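The values are calculated or read from the model by the stated rules, or taken from the named source; none is laboratory data. Note that the structure is predicted; figures quoted are calculated from it, not measured. Quick reminder, even Gly has a Cβ in these numbers, built from the backbone with ideal geometry, and neighbours come from all protein chains shown. Just so you know, the surface numbers come from the protein's heavy atoms only, side chains and all, with ligands and any DNA or RNA stripped out. Shrake-Rupley method; radii C 1.70, N 1.55, O 1.52, S 1.80 Å.
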Amino acid sequence: MSTIDLILLGALCQSPKSAYDLQKLIEQRNLSRWVKIGSYTVYKKVVLYEDKGYVTGEAVRTGKMPEKTLYTITPSGKKAFADLMAKFSLAETRIFLDFNAVIVNLALVDDETAAAYIANIKDSIGTTKQQIAQQLAVSNERSLLGQSILEQQSMLLETLAAWETDFEKRFFRKD
């Protein structure tokens, strides 16, 4: 099982939710920025959880809205959640940055193209820093845990920005 499972089962530990509700929660928490998860994956996962006995699904209708399935976590699902919490809290910390695949291949392109790719990375880091800063500015609307994760991401982005500046100088032998 993956971090996606931990996120989804954790959300279901809080209260019963539909697959749509889970997807909206992921969007509201901006989790798709750090964990690759789309609506199809959410729907697929809740069906899998039901097959494994981690959740039970109940079709409900609210007012004139179409019927939807609400998923409630079972004791087996709570155990799976607890096991995942232990597993990921003990796991080696891994930081995978997609742009590292570009960095390792920069020697294969000419300097002008390499400079453009490095500029793209720099812009991406800057844009993400701005987005996180905007989210931090509305901190009173967020829990301590959510706020802490944003602060962590902000600190990592500051470090990445400093790294990028140093890397660019060394790559082009400007230091």
**Asked** Listed here are the pairs K36/K129; K36/K64; K24/K68; K24/K87; K44/K129; which of them are more than 24 Å apart at the Cα?
**Response** K36/K64; K24/K87; K44/K129
**Message:** If you fit an axis through the alpha-carbon atoms of helix 144-171 and take the longest principal axis of the Cα set of the chain, what angle between them do you get, 0 to 90°, nearest 10?
**Reply:** 20
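Taking 0.36 nm per intervening residue step and subtracting the Cα-Cα distance, what contour gain separates R94 from K79 on full extension?
Length difference between fully extended and current span is 2.9 nm.
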**Sites L145 and A119 - FRET efficiency at Förster radius 45 Å, r taken between beta-carbons, to 0.05** = 0.80
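Quick one: pull the percent of accessible area on region 1-156 belonging to carbon and sulfur, 1.4 Å probe, ligands and nucleic acids left out.
Values: 5780 of 10280 Å².
Of all accessible area on region 1-156, carbon and sulfur atoms account for 56 percent.
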**Asked** For L108 and A162 in the same chain, what is the full-extension length gain: residue separation times 0.36 nm, less their Cα-Cα distance, in nm?
**Response** 17.0 nm
**Message:** What FRET efficiency comes out for Q134 versus K52 if R0 is 45 angstrom and r is the Cβ-Cβ distance? Round to the nearest 0.05.
**Reply:** 0.70
**Asked** Where does each of 59-65, 95-101 land if you order them by average Cβ count within 10 Å, highest first?
**Response** 95-101, 59-65
**Spatially proximal aspartates and glutamates relative to K45 (Cα-Cα < 15 Å; intrachain offsets below 8 disregarded)** = D5, D21
**Asked** Helix 39-52 versus the longest principal axis of the chain: what angle, 0 to 90°, nearest 10, using Cα atoms?
**Response** 50
**Message:** Is there a quick way to get the dipole size of the chain? I mean about its Cα centre, with the Cβ of Lys and Arg at +1 and of Asp and Glu at -1; what is the value in debye to the nearest 20?
**Reply:** 660
**From the coordinates shown, Kirkwood radius over Cα pairs in Å corresponds to which of (i) 17.3; (ii) 17.8; (iii) 19.0** = (iii)
**Message:** Keeping every protein chain present and rolling a 1.4 Å probe, give me the accessible area per residue for region 1-121 in Å².
**Reply:** 65
**Prompt:** Among rounded, prolate and oblate, which fits region 80-140 when a ≥ b ≥ c are the square roots of the eigenvalues of its C-alpha gyration tensor, a/c under 1.5 means rounded, and a/b larger than b/c means prolate?
**Reply:** oblate
**Request:** For helix 3-14, report the angle its Cα long axis makes with the longest principal axis of the Cα atoms of the chain; keep it between 0 and 90° and round to the nearest 10°.
**Result:** 40
**Fill in**
GNM on the chain, Cα springs under 10 Å; top mean-square fluctuation among E92, E151, E164 goes to E92
**Asked** Long-range amide H contacts for T74: which residues qualify at under 5 Å (H placed 1.01 Å from N, peptide plane, sequence gap of 5 or more or a different chain)?
**Response** V55, T56
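Just want to confirm a number: the relative contact order over the chain, from Cα pairs under 8 angstrom separated by 6+ residues, in percent.
Relative contact order of the chain: 18 percent.
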**Asked** Anyone know which of V47, V138, V35 comes out most mobile in the 10 Å Cα GNM of the chain?
**Response** V138
**Request:** Springs between alpha-carbon atoms under 10 Å, Gaussian network over the chain: tell me which of L150, L90, L160 tops the mean-square fluctuations.
**Result:** L90
